[in-house]
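*Asks:* Once you've had a glance at the structure underneath, I'll fire off some questions.
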Amino acid sequence: MKHKIYYLARTKTYDIRLTSRIFYLLFFVCINSFSVLIAQEEVRCFEPSRLVVEHEGLEERAKLICTNSCKAAKQHYSGKYYRALKEKYEARERHFLSMLEAGDLIIDGELYDYVQSLVDLVVNSLQINEKRKLYLVRDDSPNAFNIGDDQLYIHLGLIYRVENEDQLVFVIAHELGHNELNHYDSTITRYADLVTNDSIQRRIKAIKYQEYRTVSTLNEIMLPWLLSSKEKSRLQEREADDYGFNVLEKCGYSPWRATGLFDIFENSLKERDTTALDLVNLLNLEQTGLDFSEALDTVVESSLGIFKEEKDTLEDLLRTHPHNEERKAAFLERISEIPKTNEDKNEERFLKYRSLAEGELIVNALYKGNLDRAIFYSLRLYEREPENLFVRKTIPFSFAYLGYEKKKRRAGKRIANQSPYYDSLYNYMLYFLREISPDQCFSIAQVWNKNHPDLTNLDLANASMIMMDVYNERYDDFWIRYHIERERSRNYYVMLIINQIKDEEYIKK
Amino acid sequence: MKNTSKSNRLIKMPLAIVALFMWANIGICQSTSIPNVLKLRSAKSSGAIIENDKLVGYYVFFFKEKEDRKNSTYEIQIFDDNLNAVKEIAITRPKRSYLLEIVYNEKAFILFFYDSKTGYEFITYDRNGKQLGNHKVDRKEIPRADLALSASSLNSGTENVTIFPLGSKGFVRSSYTKNKKTGYNLIAFDNKMNELWRYGSAEDSKLYESAEISNISDEVITATIYKRKGAMSKKMDAFFHLINPKDGTLIKEVPMGNGSEGKLTVLKTYLAKGSDKIILIGEYFKPGDDFLKDKSQGLFVREIDMSGNEKDMKKFSWDGDIAKFKNENLTEEDKKEAKDGFSIFFHDVIKSDGHYFLIGEQFRKQVSAGGVAMNVLAGATGGSSDAAAFEIRVSNMIVMELDESNELIDFKVVKKKRTSVYLQKGMGLYSSAFLGYYVKSTGGFDYSFTSNDKEKNKHTVVYVDANRKEEKDDKAKEKSDVMLGVIQIENGKIETQRIPINTDAKRFWFEAAKPGFVTIGEYYKKEKKLDFRLEKLTY
């Protein structure tokens, strides 16, 4: 690779030349971007939600929630019991702040507004006077949660997985159920019961002085409490399911259409799309003129063979949620009482927002440096929406970045060892990504850009071009594109990577 | 014993026991991550799982809790060659247990434990973690030489391979015995740890004898046997034994020269699966010379059939045959150095396209300025120092190529930065050939590992180059965190590369990996996290 360090000291003449070029190009970009927007009126161009890592208002709100919870607790409890509850409320505040600091929370934007509108709809249908605030969580797992703070947390991975708005509304209603039924408070009072139980505490304290079997003894002491706690948790989940079911109808959504949600949960340990990715055609591998046969000739078998999966004897008892089958059966039992609704509801609006969630997942994967997830989500979205401008840029960018990391021998940090869902087709893609060379990565990006001239000719804010500038040692162009990228407020994930490369390669003006 | 250095001595972090707090959870993320690793404290907590010279996985052995006054509970996490966690085995062992080796034979794992009070214990498990059998050797029964080997393995962080798979039916272990004088034993066990056969030195032997297994196939086990009169004797004879793997009977003893016609040493052997010949590579000596104290005359390549009959013998003298190649390949600076005479320690033999490639590393004994200074200083203050006046200078990598008729056709020097290994007092008296083994046992060579992809006829030799400067066109050089050297032999062609490795961890090290890859272990003290990642070396 030709990524030599760029140390050339430029003269004043050069600086003027470079500055005027930047102005000229920026002007050119503005004109052309405008024409692109006009020409591609129907084309979706995703703008990521902004990254928020500090927010005075939210920090104060978290503090206030904690103070109010503590005040409310103080009215009923005192002494050790109160202190235990206070400790939990403070931990909840810290947890919220840590999510905020890590940039895990989406607090505004198009997708956010859409989901918040669904939350508002549910809240209004129940005639709850106060607003229930929503946070979207940048997390791939299909999950949602409530921590008793009148706020709902929905993972992007859940929006990505659900099939229709009815399912999403059911999840919102379910989480709202946890909040309105005070499940969190009930959970932490169980914790307070534990820490104020003198008999248990004495036994736990004794472990500190015990030389042997400390872990086992602790497990033995905690197990009855743990089992009862999990049983209670499963009961709460059933209550929240009932709550969600009731709300769904009130809001005008169909429980029939929400039934599939339990199958989604059941399959949460699999990828959403389990069909094979046609890497050869999607990435135009033949056009690169390079030989990819070794990387495509997948051997994904474990060197130690397949091991028998063992189920833990306590697995069923330690579940926080009832089995999906059981939840589905309960849901179907209730559903049988109501007439079946029209199944052919237009989901265009929902699918548009679901694509936004996919876009956010791609951004999050790039920001966290999980290139296999970024490439996987991008290719899946591209399969369905080949005109999506955003994903057409993230594909070459991800490959160019992977090429760079391979050169640095850091690709092992960027590509997972195996599918988090043990999905063999995903593993096939992982094998391909692991095996291809840096030059093959850059070549994929180059061919991609060539096949999408609108990305290279009209829209200079194509981050893969910056990577290619480094690869091809076009440092003048690098700086031009760098300044353009820097002006774009929502591409924090690109700037993080570009700045890292700029510093590592000592690219100087 | 076959000794495989797995840690990089340039990185001042010994491979270590991973002390974990409570339960360890293996997370699936971009690399295999083990949280709650409180400290890395001594050697032997993690290592490679070997099956017939091939890496098939890794293990991490960690402490869970004290069970009672005598025992502790441990967990062993097993990973495949892609670093995917495949199995966890919980085990109760006497406290202060060290896991010395894990070997796999397609059907069973054998775990070799050492406990300073109780001795050795060998436990076999099937693939589902069910215990199949065990075999104990009381500490009192363990010969001193065996204990010394285990201790050196633990202290130096190197991996002494003493157990080999016997097909998928069992294992063979090479050990010392407490005969009249120290002897050797090769003991075969089935997967349930029932003894199948035993092959060893005569109980009444008046000689010090040791054995080193070199190859095991369905047809033959090959081992080099060393014999000498006393523990301190510098006169030693070598014999090459061919043993029947079915019953442990001797097929043939192949003598390796003698005092009057000149002795031969075995540095490396090669036995291809399904092949009917064995290749022996070693050094030959002048009549009357001995390999523990004298300099060899050159290298030999000997070919024998499965019955031990010699088919071919070629000798290549240092001064003639080899120097000829050296002069063609070496720079003026190297030629000057070569005059002072470097020895070669052979790490591996690779067969590709009918040619043999001998992978070696140059080293020589030289006066240690530091050692002399320390002795002078210690003497001046009326004390004494353990430092020797000699050190071992480890130099370039060597690749020697032999054609189909075992003729030397190339001698390639792969340059790398020289490093030094200090010798303990008294070690300076031994010859280079012996010191090569000593350096190997301390993990002093820069050679790291070889991975073989026999299907693709691709072999990758990995070593560490202390020269961390990256080759750039620019005058300003950039230093990587560590530089790995790679010698790739593919379809008979040699290619060399230097690969910069970068990491944000303060403590990191390398382990053998599947063909074309290296495993990097990274310990993050602040986060108390141990990460393992695979990096592809060559593209």
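*Asks:* Calculate how steeply helix A:348-367 sits against the longest principal axis of the alpha-carbon atoms of chain A, using the helix alpha-carbon long axis, and give the answer as 0 to 90 degrees to the nearest 10.
*Replies:* With rounding to tens, the tilt is 80 degrees.
*Asks:* With a point put 7 Å past each Cα toward its Cβ, work out how far B:ASP138 is from A:GLU130 in nm, to one decimal.
*Replies:* Placing both labels 7 Å beyond Cα along the Cβ direction yields 7.4 nm.
*Asks:* Taking all pairs of distinct Cα atoms, average 1/r, flip it, and tell me the Kirkwood hydrodynamic radius of the range B:162-241 in Å to one decimal place. Mind dumping the intermediate values first?
*Replies:* Details: mean 1/r = 0.0758 Å⁻¹.
The answer is 13.2 Å.
*Asks:* I would also like to ask the following. Can you compute the FRET efficiency between A:ASP263 and A:ALA102 using 1/(1 + (r/R0)^6), with r the Cβ-Cβ distance and R0 = 35 Å? Round to the nearest 0.05.
*Replies:* Values: r = 32 Å, r/R0 = 0.90.
That pair, A:ASP263 with A:ALA102, gives E of 0.65.
*Asks:* So, one more: Could you order the peptides A:400-411, A:188-199 from most to least packed, using the average number of other C-beta atoms within 10 Å per residue? Mind showing how you got there, number by number?
*Replies:* Details: A:400-411: 24.3, A:188-199: 15.4.
In descending order of packing, they fall as A:400-411, A:188-199.
*Asks:* So if we plug the beta-carbon distance of A:ARG474 and B:LYS314 into 1/(1 + (r/R0)^6) with R0 = 56 Å, what FRET efficiency do we get, rounded to 0.05?
*Replies:* Here the calculated transfer efficiency is 0.50.
*Asks:* For the range A:157-208, state which GluC sites (Glu not before Pro) are in a DSSP loop and have at most 11 other beta carbons lying within 10 Å of their beta carbon.
*Replies:* Here no loop site has a sparse enough neighbourhood.
*Asks:* With a 1.4 Å probe, what is the total accessible area buried between chains A and B, in Å² rounded to the nearest 100?
*Replies:* Counting both chains, the buried surface is close to 4200 Å².
*Asks:* Quote the FRET efficiency, to the nearest 0.05, computed for A:ARG319 versus B:ASP276 with a Förster distance R0 of 56 Å and r equal to the Cβ-Cβ distance.
*Replies:* 0.40
*Asks:* Once you compute Rg and the Kirkwood Rh from C-alpha atoms, what is the Rg to Rh ratio for the range B:143-299? Don't skip to the answer; put the middle values down first.
*Replies:* Working: Rg = 16.1 Å, Rh = 16.6 Å.
A ratio of 0.97.
*Asks:* Could I ask something else about it? Taking the solvent-accessible surface of protein heavy atoms with a 1.4 Å probe, what is the per residue accessible area of the range A:56-268 in Å²?
*Replies:* Normalised by residue count, the accessible surface of the range A:56-268 is 45 Å².
*Asks:* Right, here's the next one. Residue by residue through B:489-502, how many Cβ atoms from other chains fall within 10 Å of the Cβ on average?
*Replies:* Across the residues of B:489-502, the mean count of other-chain Cβ atoms within 10 Å is 1.
*Asks:* Then there is this: Sum up the charges of everything whose Cβ sits under 11 Å from the Cβ of A:VAL494, counting Lys and Arg as +1 and Asp and Glu as -1, but leave A:VAL494 out.
*Replies:* Values: positive: A:LYS393, A:ARG481, A:ARG486, A:ARG488, A:ARG490; negative: A:GLU485.
Counting the neighbours of A:VAL494, the net charge comes to +4.
*Asks:* From the C-alpha gyration tensor of the range A:56-268, pull out the three semi-axes of the equivalent ellipsoid (sqrt of 5λ each), sorted largest to smallest, in whole Å.
*Replies:* Sorted largest first and rounded, they come to 34, 21, 17 Å.
*Asks:* Determine the shielding of peptide A:411-423 by partner chains: average, over its residues, the number of Cβ atoms on other chains within 10 angstrom of each Cβ. Don't skip to the answer; put the middle values down first.
*Replies:* Working: counts 5, 15, 10, 3, 5, 6, 14, 7, 2, 3, 1, 2, 0.
Mean number of neighbouring Cβ atoms from other chains: 6.
*Asks:* In bins 10 Å wide, starting from 0, what share of all Cα pairs of the range A:152-277 does each bin hold, as a percent?
*Replies:* The distribution over the range A:152-277 is 11, 29, 24, 19, 13, 3, 0, given as percents.
*Asks:* Could I ask something else about it? By DSSP, what percent of the beta bridges with both residues in the range A:56-268 are antiparallel, rounded to the nearest 5?
*Replies:* DSSP beta bridges in the range A:56-268 are roughly 50 percent antiparallel.
*Asks:* As a quick test, which of the pairs A:LYS270/B:LYS454; B:LYS234/B:LYS315; A:LYS408/B:LYS417; A:LYS80/B:LYS64; B:LYS64/B:LYS528 have an alpha carbon distance above 26 angstrom in this structure?
*Replies:* Distance filter (> 26 Å) returns A:LYS270/B:LYS454; A:LYS80/B:LYS64.
*Asks:* Keeping all protein chains in place, calculate the accessible area per residue for the range A:325-445 (probe 1.4 angstrom), answer in Å².
*Replies:* Counting only protein heavy atoms, the per-residue value for the range A:325-445 is 34 Å².
*Asks:* To continue, here is another question. For B:117-130, what's the mean count of beta carbons from other chains sitting within 10 Å of each residue's beta carbon?
*Replies:* 1
*Asks:* Output the pairs from B:LYS95/B:LYS526; B:LYS66/B:LYS136; B:LYS293/B:LYS536; B:LYS70/B:LYS130 with a Cα-Cα distance over 31 Å in this structure; if there are none, say none.
*Replies:* Where the Cα-Cα span goes over 31 Å, the pairs concerned are B:LYS293/B:LYS536.
*Asks:* In nm, to one decimal, how far is the A:ASP193 label point from the A:GLN210 one, both placed 7 Å along Cα→Cβ?
*Replies:* 2.3 nm
*Asks:* Given that compact globular proteins tend to follow 2.2 N^0.38 Å, what is the ratio of the alpha-carbon Rg of chain A to that value? Write out the running numbers ahead of the final one.
*Replies:* On the way: Rg = 26.5 Å, N = 509, 2.2 N^0.38 = 23.5 Å.
Taking N as the residue count of chain A, the ratio is 1.13.
*Asks:* If you don't mind, there's one more thing I want to ask. Measure off, as a whole percent, the carbon and sulfur share of the 1.4 Å-probe accessible area of the range A:56-268, all protein chains present.
*Replies:* Whole-percent figure for carbon plus sulfur exposure: 48.
*Asks:* Simple spin-label model, 7 Å along Cα-to-Cβ: B:TYR524 to A:GLU326 in nm?
*Replies:* Each label point lies 7 Å from its Cα, and together they span 3.7 nm.
The values are calculated or read from the model by the stated rules, or taken from the named source; none is laboratory data. Just so you know, these numbers come straight off a predicted model, no measurement behind them. Counting neighbours? That spans all protein chains shown, and the Cβs are built from the backbone with ideal geometry, glycine included. Note: accessible area is taken over every heavy atom of the protein model, side chains too, but ligands, DNA and RNA are not part of it. Shrake-Rupley method; radii C 1.70, N 1.55, O 1.52, S 1.80 Å.
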